[in-house]
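Since the structure comes first, as structure tokens, the remarks are kept for the end.
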Amino acid sequence: MARTRTPVVSGWFTENAADGGGFRLLGTRCSACTAVFFPREDAYCRNPRCPGGGELAEVPLSPRGRVWSYTDGRYRPPAPYVSDPAEPWEPYTLLAVELEAEGMVVLGQGAPGVEVADLAVGTEVEVVGGVLGEDAETTWVTWQFKPVGGAG
Amino acid sequence: MSADVAVLGAGMHPWGKWGRSFVEYGRTAARAALADAGLDWTDVGSIVGADTVRSGYPGYVAGATFARALGWQGARVTSVYAACASGAQAIGAARAQILAGLADVVLVVGADAAPKGFFAPAGGERPDDPDWLRFRVLGATNPAYFALYARRRMAVHGDTLEDFAQVKVKNAAAGRLNPHARYRKAVTAQEVAASAVVADPLRLLDICATSDGGAALVLTSMDFARSRGVADPVRIRAVSTVTPAYPRTVLDLPDIATDSTTAADPVAGSFRSSIARAAYEEAGLGPRDLSLAEVYDLSTALELEWYEDIGLCAEGEGAKLVREGATALGGRIPVNTSGGLASFGEAVPAQAIAQVCELTWQLRGTAGERQVPGARAGITANQGLFGHGSAVVAVR
């Protein structure tokens, strides 16, 4: 049976950015003070010095950034992380990536095949679409990072 | 006149995995603190409970839960929650009541009964909760965040795995001497290196366990202490419970991203350093005045960050302090003389109270083999999930 491809969280990324740039994380930007938010903030601006009166508009985040830090998960995380307890645990890599234009650090899993040994603080990485997991009806789609032109 | 409050009593239930209710641990700690103060529960005008989110409703109303367990006697009640900073919030609330003249004697109690393994978020499908989302979307456990900080330190400051291991060795050596600690044996750097990697680069013995435990303090006005014949009690001189400043540029639990700097330049210094700075300003003293410090060593690497954040050394020099032995018992500025989380494991709402128990015993000169000679001033530092600062300055 074909599974439905569904974002693990709706509205946090697009697989077809409006600028033709492919996969991008989506945040929001306050029109009054230029503050950018990811995960998206749709109800209010959190900058305490925002003059107010602005609107929060969806904005694609930078497609590339540099590794701020990285680690891996050697043990199965607890629910609500979805994994099959009958299968051996496969560690994944977790990256914190600094986006220069937004001046923010964003967490994401490494793409399949990206190992701790492939990374260093400062490595340039790009955001790509990937699969977080599958159940009977759904393929859960998420964002992942991988080195630009490198491993993974 | 100063805004000091007196610490008349301190008490704990030993940390461990005892398999009983948090209420029992809290009640035991409370009775120990009352006995230490030479007071009866019926002398207490107000009780402040630090809540736990792991034991259902009684945990959310910990103040009343402990009051009921001790026997209803009509005291004013307060219950507070601020994750790991809950204990400091409880101390802060008690102090405010005393300084406002609302109560002369306040009992502060925190206790927890922790599950085995990783802390997990509250149940249900809650996509508007950052703590739920970080597990659902990333599987990002607490140790994953500790590991990100550790790796960052290695890259930016040149810290090594051996430096991290030395923190464990140091804290285990102190914890071995503490009857309230859960782990009471020496640990070698080789044992740390041989333990399993949990989240690269951190190993099992770099990361604090989750524990059961309970801690309590009896706080009073200075006048009350004198009326009981205690002329020179340990005094709490500052309680810092500050929030971060926007934009927050260091990734923190349970966030998936930092704030952006597009609208505002980052402020100088980290959130953690602002916690200590507020405490020092309120107390009118600084890091050079300290005899000891208790900091929140959720991981070995994080203890090194705290050295910098509380001003024991400049940024990036934390590892140098542990290499020199400056923060060990007998060193220039001993840190985590209790043995720290490395020896206790974390009993969340009790932990910040336990830190102040250790300061109390040290400042009284009754810490036994762990005693810092002539201790006159100490600071505790801690940080609660979602932006809760926590630091207490105590003096004698």
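Listed by position, the helices (runs of 4 or more DSSP H) contained in segment B:272-344 that have at least 1 residues being closer than 17 Å to B:ASP252 by Cβ are B:300-309. Taking the listed residues B:ASP112, B:ASP200, the one that is under 27 Å from B:VAL242 (Cα atoms) and either buried (at least 18 other Cβ atoms within 10 Å of the Cβ) or among the β-branched types (Val, Ile, Thr) (or both) is B:ASP112, with no other qualifying. Residues that are over 30 Å from B:GLY26 (Cα atoms) and either hydrophobic (A, V, I, L, M, F, W, C) or touching a strand residue (DSSP E or B) at 6+ places or on another chain (Cβ under 7 Å) (or both) do occur in segment B:330-344.
Only a single item in (1) outside any loop (DSSP other than H, G, I, E, B); (2) more than 8 Å from every other protein chain (Cβ to nearest Cβ); (3) more than 22 Å from B:ASP265 (Cα to Cα); (4) charged (D, E, K, R) is not met by A:ASP84, and it is number (1).
Does segment A:56-74 contain any residue that is closer than 30 Å to A:GLU137 by Cα, at the interface with another protein chain (Cβ under 8 Å from one of its Cβ atoms) and in a strand (DSSP E or B)? Yes, that holds for at least one residue. Among the residues making up segment B:126-153, those that are more than 7 Å from chain A (Cβ to nearest Cβ), under 21 Å from B:VAL348 (Cβ atoms) and in contact with a Pro (Cβ under 6 Å, 6 or more places away or on another chain) are B:PRO130, B:ASP131, B:ARG134.
When residues of segment A:9-58 are filtered for being open to solvent by less than 90 Å² (accessible area, probe 1.4 Å), charged (D, E, K, R) and within 23 Å of A:GLU98 (Cβ to Cβ), how many remain? Summing the residues that are open to solvent by less than 90 Å² (accessible area, probe 1.4 Å), charged (D, E, K, R) and within 23 Å of A:GLU98 (Cβ to Cβ) in segment A:9-58 gives 3. Against the definition (modelled with pLDDT of 95 or more, open to solvent by 60 Å² or more (accessible area, probe 1.4 Å) and in a loop (DSSP other than H, G, I, E, B)), how does B:ARG31 come out, yes or no? Judged against the criteria, B:ARG31 is not a match. Looking only at segment B:1-28, residues that are closer than 12 Å to B:GLY110 by Cα and either in a loop (DSSP other than H, G, I, E, B) or not small (Gly, Ala, Ser) (or both) come to 8 in all. Here the condition is being free of Cβ contacts under 8 Å to residues at least 12 places away in the same chain and open to solvent by less than 30 Å² (accessible area, probe 1.4 Å); of A:PRO77, A:PRO88, it holds for A:PRO77 alone.
Matching residues to (1) of a type in the set (Asp, Glu); (2) more than 24 Å from A:PRO112 (Cα to Cα); (3) not assigned by TED's automatic domain parsing to the domain that holds B:ALA194:
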site	(1), (2), (3)
B:ARG126	no, yes, yes
B:ARG134	no, no, yes
B:PHE146	no, no, no
B:GLU162	yes, yes, no
B:VAL169	no, yes, no
B:GLY175	no, yes, no
B:ASN178	no, yes, no
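When the residues of segment B:34-45 are narrowed to those that are outside any helix (DSSP H, G or I) and out of contact with any Asp or Glu (no Cβ under 9 Å at 6 or more places or on another chain), which ends up surrounded by the most Cβ atoms within 10 Å (Cβ to Cβ)? The qualifying residue surrounded by the most Cβ atoms within 10 Å (Cβ to Cβ) is B:VAL44.
Considering segment B:83-158, the qualifying helices (runs of 4 or more DSSP H), each wholly inside and each with 2 or more residues that are free of Cβ contacts under 8 Å to residues at least 40 places away in the same chain, run over B:142-157. Screening B:ASP223 against (1) open to solvent by less than 40 Å² (accessible area, probe 1.4 Å); (2) outside the structural domain of B:LEU290 (by TED's automatic domain parsing) leaves a single unmet condition, (1). Tell me, yes or no, whether segment B:273-284 has at least one residue that is open to solvent by less than 20 Å² (accessible area, probe 1.4 Å), of a type in the set (A, V, I, L, M) and within 14 Å of chain A (Cβ to nearest Cβ). Checked segment B:273-284: no residue is open to solvent by less than 20 Å² (accessible area, probe 1.4 Å), of a type in the set (A, V, I, L, M) and within 14 Å of chain A (Cβ to nearest Cβ).
Listed conditions (1) buried (at least 20 other Cβ atoms within 10 Å of the Cβ); (2) closer than 26 Å to B:VAL393 by Cβ; (3) not charged (D, E, K, R) are all met by B:ALA100, apart from (1). One residue stands out among those in segment B:178-189 that are in contact with a Gly (Cβ under 7 Å, 6 or more places away or on another chain) and farther than 15 Å from B:LEU204 by Cβ: the one that is surrounded by the most Cβ atoms within 10 Å (Cβ to Cβ), which is B:ALA181. Scan segment B:226-270 for residues that are touching a residue at least 60 places away in the same chain (Cβ under 8 Å), over 23 Å from the mean Cα position of the chain (by Cα) and either under 30 Å from B:LEU363 (Cβ atoms) or crowded, with 21+ Cβ neighbours inside 10 Å (or both) and the total you get is 3. Just to be sure before I move on: is B:VAL7 under 29 Å from B:ALA279 (Cα atoms), surrounded by 24 or more Cβ atoms within 10 Å (Cβ to Cβ) and touching a helix residue (DSSP H, G or I) at 6+ places or on another chain (Cβ under 9 Å) in the structure I sent? The answer is yes for B:VAL7. Number of residues in segment A:26-47 that are under 21 Å from B:PRO130 (Cβ atoms) and either more than 9 Å from chain B (Cβ to nearest Cβ) or among the hydroxyl-bearing types (Ser, Thr, Tyr) (or both): the value is 7.
Close contacts from segment B:303-316, counting a first residue that is farther than 16 Å from B:ALA165 by Cβ and open to solvent by 20 Å² or more (accessible area, probe 1.4 Å) and a second that is outside any loop (DSSP other than H, G, I, E, B) and among the charged types (D, E, K, R), with Cβ to Cβ under 6 Å and a gap of 6+ residues or different chains, come to B:ASP309/B:ARG272; B:GLU315/B:GLU308. Does segment B:148-163 contain at least one residue that is closer than 30 Å to B:GLU24 by Cβ and over 19 Å from the mean Cα position of the chain (by Cα)? No: zero hits. The lone criterion from (1) under 29 Å from B:ASP36 (Cα atoms); (2) free of Cβ contacts under 8 Å to residues at least 24 places away in the same chain; (3) not in a loop (DSSP other than H, G, I, E, B) left unmet by B:LYS185 is number (3). Under the condition of being within 14 Å of another protein chain (Cβ to nearest Cβ), within 22 Å of the chain's Cα centre (by Cα) and not basic (Lys, Arg), the residues counted in segment B:78-125 number 7.
The values are calculated or read from the model by the stated rules, or taken from the named source; none is laboratory data. For clarity, every value in this text was computed on a predicted model and none was experimentally measured. For neighbour counting, all protein chains shown are included, and Cβ atoms are generated from backbone atoms with ideal geometry for every residue, glycine included. Remember, those area values only see protein heavy atoms, side chains included, never the ligands or the DNA or RNA. Shrake-Rupley method; radii C 1.70, N 1.55, O 1.52, S 1.80 Å.
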